[in-house]
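We did not get these values from a lab; they are worked out from the coordinates using the rules stated. All of these numbers come straight from a predicted model, not from anything done at the bench. Using ideal geometry, Cβ is built from the backbone for each residue, glycine included, and neighbour counts are taken over all protein chains shown.
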Amino acid sequence: MQIIEQKPNQITFRAEISESLANAIRRHINQIPILAIDEVEIVKNDSALYDETVAHRIGLIPLKMDKSVSEKTEMDMSLSAKGEGFVYSGKFTGGLGVVYDKLPITYLEEEQELQLVAHAKTGRGVEHSKFSPGFLYYRNVSEIKIDADLYDEFKKICPNNEVKKEGKSIIIHDNLKIEVSDVCEEICRKNNRKLEITPKNELVITVESVGQLDVKDVFLKSVDALQKDLDLISKKVK
């Protein structure tokens, strides 16, 4: 496994792993318990948005999670706003914090009010997308073979990809975050040349977090959830 790029809420890496296993890990991201607002009691809503629209927006606001959060955690939060301007997620008060405090909920005119109580609970992404902590996607690593005289044209567009010469051809390693096979196809089409694409046993995997969990925890907890399901199947088979 080799890390290609890492950001606060995103990580991209290469790994020798089958597509079926990568897909199983991807699916089990939605088995990770996550806190989200599940019910909203709107006391007063003078905004132009329907109560249902306001509640839907509030349900998709990511909430902060710490080690004290369990599958049984339930908490209430409240919001009170008055006067002209946008009402942002940061206006919530209570036992939980929001990951992003500048998510717009609605807009109030002068003398208008919004008052509500929100009830948060733990759930899973398979129940509703508001409980999803992030997502994973992947593609095959491949080697692309094109004519050597196209080297300068390729490097002008993709300067960071590894290239090695092989006789009258060059081998391009398509193993970075951005896929370059389409670029090579276009270069060869424009110059009326052929290309060969050979898939390898590695995958380029990208994991992104919505913000409730660290991006590494999203991947590791997904693996743990998959392992629990495999252990359960193993017991059933025995």
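Tell me the net charge near T93. Cut-off is 13 Å between Cβ atoms, T93 excluded, with +1 for each Lys or Arg and -1 for each Asp or Glu.
-1
For a Förster distance of 35 Å, can you work out the FRET efficiency between the beta-carbons of F86 and D224, rounded to the nearest 0.05?
With R0 = 35 Å, the Cβ-Cβ based efficiency is 0.35.
Report the residue, chosen from P62, P199, P133, that carries the largest GNM mean-square fluctuation when the chain is represented by alpha-carbon nodes joined by springs under 10 Å.
Looking only at P62, P199, P133, the biggest GNM fluctuation is shown by P199.
GNM, the chain, Cα, under 10 Å: largest mean-square fluctuation among V87, V43, V117?
V43
Mind checking which of E110, E16, E74 has the largest fluctuation in a GNM of the chain, springs on alpha carbons under 10 Å?
Ranking E110, E16, E74 by mean-square fluctuation puts E110 first.
Hey, with R₀ at 30 Å, roughly what FRET efficiency would V163 and R27 work out to, going by the Cβ-Cβ distance, to 0.05? Can you show the working numbers first?
Details: r = 36 Å, r/R0 = 1.19.
The calculated FRET efficiency here is 0.25.
With angles folded into 0 to 90 degrees, how steeply does helix 19-28 sit against the dominant principal axis of the chain? Use alpha carbons for both and round to 10.
Approximately 10 degrees, to the nearest ten.
I'd like the orientation of helix 181-190 relative to the chain: the angle between its Cα long axis and the longest Cα principal axis, in ° from 0 to 90, rounded to 10.
50 degrees
Using 0.36 nm per residue, how much length does the chain from D152 to E202 gain when fully extended, once their Cα-Cα distance is taken away?
Here the answer is 15.3 nm.
Only sites in a loop by DSSP and with at most 12 other Cβ atoms within 10 Å count here; which trypsin sites (Lys or Arg not before Pro) in region 157-220 make the cut?
Here the sparse-neighbourhood loop sites are K168, K194.
Work out the FRET efficiency for A48 and D101 from their Cβ-Cβ distance, taking R0 = 25 Å, and round it to the nearest 0.05.
Numbers: r = 23 Å, r/R0 = 0.90.
Calculated value: 0.65.
Between V180, A120, S78, whose Cα lies farthest towards the positive end of the dipole of region 41-182 when Lys and Arg beta carbons carry +1 and Asp and Glu beta carbons carry -1, centred on the Cα centre?
V180
So what's the gap between the Cα centers of region 1-57 and region 103-128, to the nearest angstrom?
That distance is 17 Å.
Please work out which option in [x] 45; [y] 42; [z] 60 gives percent of Cα pairs over 24 Å apart calculated from these coordinates, and answer with its label.
Recomputing percent of Cα pairs over 24 Å apart here picks out [z].
If you line up the long axis of helix 215-237 against the longest principal axis of the chain, both from Cα atoms, how many degrees apart are they, to the nearest 10?
Roughly 90 degrees, rounded to the nearest 10.
Please order E202, E162 by the number of other Cβ within 10 Å, starting at the fewest.
Arranged by neighbour count, lowest to highest, E202, E162 become E162, E202.
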